Amino acid sequence: MRGAVRLFGQSLQDIEPQEVADLRKRCGVLFQEGGLFSALTVFDNIALPLRELGYLDEDTIHDLVMLKLEMVEIEAWHADKIPAELSGGLIKRVGLARALALEPELLFLDEPTAGLDPDRSESLVTLIENLRRQANLTIVMVTQDLDTLVALSDRVAVLADRRIVALGPFNEVVHLGSPVYMQFFAGRRERHGRCDAPSTKGF
């Protein structure tokens, strides 16, 4: 198989290191387990990408970190905690705040609701959806949580046998009926109700 990868219209083949660095500044990543540095406080985890820029003073960094905490609905008094003192839901939100630190245009989410109970999962999904609208974000998400998929996705890519076997709007993909992935779609939970096909799920 052959192909090309382009990010923001720019080919990633034979790209210069400085161009890679510039593209990365336009992206944010929320890792599955949060990916926080265990020895750093909540504040310093979020401040890290801002300090890496090398030209922001500490007062500006402080204001930006507090803004990001507010954006992900975390009270300021959590800023001095370390990750070991946080619940799973707070770890996800701090990771999201760090992912948003540089005002990215593109946000990558790796299983954003993994390990969360249903209430915290739904709360995080609502937050992400609100942030997407407010910041006009493009989100690329990997998930096996079907409710999260239904709530957040406009287009779905189904991966099987190391290739994309289906790509398109959610309802179109689940109606294709391929045996490769229909077993995964079967038995879909009904919380969001975007799919009108009987006994189907989103991926």
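Annotation: peptides 58-70, 132-144, ranked by per-residue average of other Cβ atoms within 10 Å with the highest first, follow the order 58-70, 132-144. What percent do you get for the relative contact order of the stretch 6-142 when only Cα pairs under 8 Å and 6+ apart count? Computed value for the stretch 6-142: 33 percent relative contact order. Working from label points 7 Å from Cα in the Cα-to-Cβ sense, the Ala39 to Glu111 distance is 2.7 nm. Length available on full extension from Val142 to Ser11: 0.36 nm per residue minus the Cα-Cα distance, which gives 44.9 nm. In degrees, nearest 10, range 0 to 90: what is the angle between the Cα axis of helix 42-53 and the longest Cα principal axis of the chain? Computed tilt is about 80 degrees. For the chain, the 222 nm mean residue ellipticity estimated from helices alone, with every DSSP H stretch of n ≥ 4 adding -39500 (n - 2.57) and the total spread over all residues, rounds to -12000 deg cm²/dmol.
Highest mobility in the GNM of the chain, judged by mean-square fluctuation with C-alpha springs under 10 Å and restricted to Gly28, Gly89, Gly168, is found for Gly168. Annotation for Asp80 and Ile164: the two label points, set 7 Å from Cα along the Cα-Cβ direction, are 4.9 nm apart. With 0.36 nm allotted per residue and the present C-alpha distance subtracted, the Glu58-Glu19 stretch has 11.4 nm of extension available. Each residue of the stretch 95-102 was assigned a 3J(HN,Hα) from its phi angle through the Karplus expression (A = 6.51, B = -1.76, C = 1.60, θ = phi - 60°), giving x, 5, 4, 5, 4, 8, 4, 9 Hz with x at Gly and Pro.
Helix 58-71 and the long axis of the chain differ in direction by around 30°, with both axes built from C-alpha atoms. If Rh is defined by the Kirkwood formula over all Cα pairs and Rg also comes from Cα, what ratio Rg/Rh do you get for the stretch 113-182? My calculation of the ratio gives 1.00.
Each reported figure results from applying straightforward, stated rules to the coordinates on display, with no laboratory input. Quick caveat, the model's predicted, so the values are computed rather than measured. Glycine also receives a Cβ, built like all others from the backbone with ideal geometry; neighbour counts cover every protein chain displayed.
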